[in-house]
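Step one of this worksheet: look at the structure below.
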Amino acid sequence: MNFLSSYIYYIGAFGLIFIGLFIILVKHNLIKIIIGLNLLDTGVNLFLISVGYLHQGTAPIFGKGSQVTPASMVDPVPQALVLTAIVIGASILALALSLGIRLYDHYGTLDLTEVRGQKW
Amino acid sequence: MVNPALLLAIPLGFAFTVPLIKYVSRKLMALTPVLVLLFNLIASALLIPQAIKEPIVTNIGGFSVPFCINLVAGPTGTILAALISLVGLLVAVYSFGYVKDGPVAKYYTLYLLILTGATGIVLTGDIFNLFVFFEILCISSYSLVAYLGEKSGVEASIKYLIQGSVGSSFLLLGIGLLYGQFGTLNMADLANQIQATSSAATFVPMILMITGLGVEAAIFPLNAWLPDAHSSAPSSISAILSGIAIGIGLYAVARIVFTVFGATPIFQLLAVIGMVTVLVGELSAFSQDNIKRLLAYSSIGQMGLIAFGLGIATLEGVTGGLFQLISHALSKALLFLAVGYMIYRVGSMKIDKLKGLAKRMPFASLAFAVGAFSLVGLPPFVGFPGKFLIIRAALAKEELFFLVLVAFVLTATVIEGAYFFRIIQVLYFSGEKTKTTREIAPVSALIPMGLLIILIIIVGVYPGLITNFLDSAAFELLNRANYVSVVMGLS
């Protein structure tokens, strides 16, 4: 029980990563694959956040006078990284969905096993 | 002296002003990338001599090294930045006459973004910054592959996007693991701390990062997207993707393996992967009937050759690998530009349709022949010294292991020669003997192809012009203690 509560974020992150990878590898529908990509992305972001997370920690601007000690601060660097990674993930998602619309216009299907304009 | 940050800031800034310039004048809009890249070329060329004396470290934001994001303009970085802007400049001139359909302003925006991303990758000294520039490069390439919005382009772009973004997630996961372990993102600081730990502790992040970057570098099991993407993109973009983007991906792999991890046992694996990539690429290229797919597979083969050169991991081997990177960028850009012009006039990518084209388009065919001879490695073209340096370095190792690998690489070169000579035979010696009118190439196609031909021959005859610079670049890549002390300011 103790193990589970101290590593719960890592378990969740890698769970999301593997679910995402599984969807990308197994599913044929483009929308499902895009959802898989997003789950994979979210898993990596959760992992990054949990690297710097501190239970009941705080940010430097909320400390008052003598309460500000480095040991009680949540590491801000992973949060900045995740902010960037979320933006990148969102733009990839938007691009993928708009390409999906174009693909549907051309082929009339989103099933990637039926899209065989080129050799796979 | 120019601040290296300007090499990134100016193309990035102009990328987003291009749509505004369109409202002033369409001619000026097409001219903007040419001027921006000319500035980049001159600036990075001026930085090279200084960077060879001592790498120029720019700390952004005024913080000191482990806490800031820094740019390290070492010899490798500045030489590759100059190469990127040179090829980018010539292709921008070519685009002047080539890109007329579709949303042209967006084309130039994304075009400048690709080159910003590539320049950022070679100049950065921070692994998360590397990831960001890598994504700039990748996302703009996904969109440009689908630029014309036709069937094959959209399909290729989706394939590229799915594989590329899985790769990027792996890269980010590797970066996260490294940060969790060492609490820093700076390459020099990481290299310094990794020296003190056992190699088993950093094995997982290293494999994740190599896999992530390897998707863009098109090393063997990760290159399924490449033939479709490179053959469906507009030819000017294929020239950039084939000549610059995948080479830069390979540079990033080398930087991570050599400088950050310094993992000696992985070098032999890199050499083996390189050899397999050469064989697979050249064998697949041999059986193609679509000329752009053939060139795309040949790029895979060339990447394998560069990876093999880097995997030898001696000073000569890495010099050879970098030389081959430059020679491939020049030759493959020339080939794609020439082929793009032929396809534009003939209207088909099938090799059969190109019969006897040398009479109709003598200049484009000449350009194709020069590029092909150079890739195969015939003297006096630039491909010859590149291959020669790599093979010599591999033989100088005097190990049976490398001797076997060299045998396979040379076999692949013979295959490469076979399919390129077949196309030259189709171009020059087949087709009806009817009189055809010669077509005069437009100036915007003549200038870049002519300049590339001249460069390929000059550097091929005098390889010493660039090998001196590349020697110090290879030294920088291999000597991580030196890199750490320069960047951290310990010396």
Q | Three principal axis lengths of segment B:424-491 [C-alpha, angstrom, descending] | A | 72, 26, 19
Q: Of the listed pairs B:LYS22/B:LYS350; B:LYS100/B:LYS292; B:LYS27/B:LYS387; A:LYS27/B:LYS353, which have alpha-carbon separations greater than 31 Å here?
A: B:LYS22/B:LYS350; B:LYS27/B:LYS387; A:LYS27/B:LYS353
Q: Could you tell me which of B:VAL276, B:CYS68, B:PHE14 has its Cα farthest along the dipole of the protein assembly as shown towards the positive end, charges placed at Cβ (Lys, Arg +1; Asp, Glu -1), taken about the Cα centre?
A: B:PHE14
Q | Exposed trypsin sites (Lys or Arg not before Pro) absent: longest stretch of chain A, with sites in DSSP loops and at most 12 other Cβ within 10 Å deemed exposed | A | A:1-63
(Q) Restricting the calculation to Cα positions, tell me the Rg (one decimal) and the Dmax (whole number) of segment B:1-89 in Å. (A) 14.9, 46
Q) Which of the aspartates and glutamates could a cross-linker bridge to B:LYS332, judged by Cα under 14 Å and excluding same-chain residues fewer than eight apart? A) B:GLU416
Q: With a/c under 1.5 counting as rounded, go ahead and sort segment B:75-213 into rounded, prolate or oblate using the C-alpha gyration tensor (a ≥ b ≥ c being the square roots of the eigenvalues; past the cut-off, prolate if a/b is larger than b/c, else oblate).
A: oblate
Q: Whenever you get a sec, line up B:SER25, A:SER6 from highest to lowest accessible area (probe 1.4 Å, protein heavy atoms).
A: A:SER6, B:SER25
Q: Specify the inter-centroid distance of segment B:207-223 and segment B:146-168, based on alpha-carbon positions, in whole Å.
A: 17
Q) Does the protein assembly as shown classify as rounded, prolate or oblate by the C-alpha gyration tensor (a ≥ b ≥ c root eigenvalues; a/c under 1.5 gives rounded; else a/b over b/c gives prolate, otherwise oblate)? A) prolate
Q. How long is the gain from B:PHE63 to B:VAL414 if the chain were fully straight, where each residue apart is worth 0.36 nm and the alpha carbon distance is subtracted?
A. 121.0 nm
Q | Taking chain A and dividing mean pair separation by its residue count, relative contact order in percent (alpha carbons under 8 Å, at least six apart) | A | 26
Q: Give the relative contact order (percent, whole number) for segment B:288-391; include only Cα pairs under 8 Å separated by 6+ residues.
A: 32
Q. To the nearest 500 deg cm²/dmol, what mean residue ellipticity at 222 nm is calculated for the protein assembly as shown from DSSP H runs of n ≥ 4 alone, each contributing -39,500 (n - 2.57), summed and divided by the residues?
A. -25500 deg cm²/dmol
Q) In units of 2.2 N^0.38 Å, what is the alpha-carbon radius of gyration of chain A? A) 1.46
Q) How far apart, in nm, are two points set 7 Å out from the Cα along the Cα-to-Cβ line at A:HIS106 and at A:LEU4? A) 4.9
Q | Per-residue SASA entry for B:MET349, accessible area with 1.4 Å probe, Å² rounded to 10 | A | 70
Q | Cα Rg, Dmax, segment B:142-229, angstrom units | A | 16.5, 53
Q: Provide Rg over Rh for chain B; use the alpha carbon set for both Rg and the Kirkwood Rh (inverse mean inverse pair distance).
A: 0.96
Q | Distribution of pairwise C-alpha distances over segment B:223-340, 10 Å bins, in % | A | 15, 46, 29, 9, 0
Q. Can you pull the three principal axis extents for the Cα set of segment B:402-456, in Å, largest first?
A. 51, 31, 12
Q) What number, in percent, do you get for the relative contact order of chain B if the mean sequence gap of Cα pairs under 8 Å and at least 6 apart is divided by its residue count? A) 16
Q: Starting from the Cα gyration tensor of segment B:340-491, take the square roots of the eigenvalues, sort them a ≥ b ≥ c, and report rounded, prolate or oblate (rounded when a/c is under 1.5, otherwise prolate if a/b is larger than b/c, else oblate).
A: prolate
Q | Given charges at Cβ of Lys, Arg, Asp, Glu: segment B:62-204 dipole, positive-most of B:GLY183, B:SER165, B:SER85 | A | B:SER85
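The values are calculated or read from the model by the stated rules, or taken from the named source; none is laboratory data. The shown structure was predicted, so the numbers you read here are calculated from the model rather than taken from an experiment. No Cβ is skipped: glycine too gets one built from the backbone with ideal geometry, and neighbour counts run over all protein chains shown. Note: accessible area is taken over every heavy atom of the protein model, side chains too, but ligands, DNA and RNA are not part of it. Shrake-Rupley method; radii C 1.70, N 1.55, O 1.52, S 1.80 Å.
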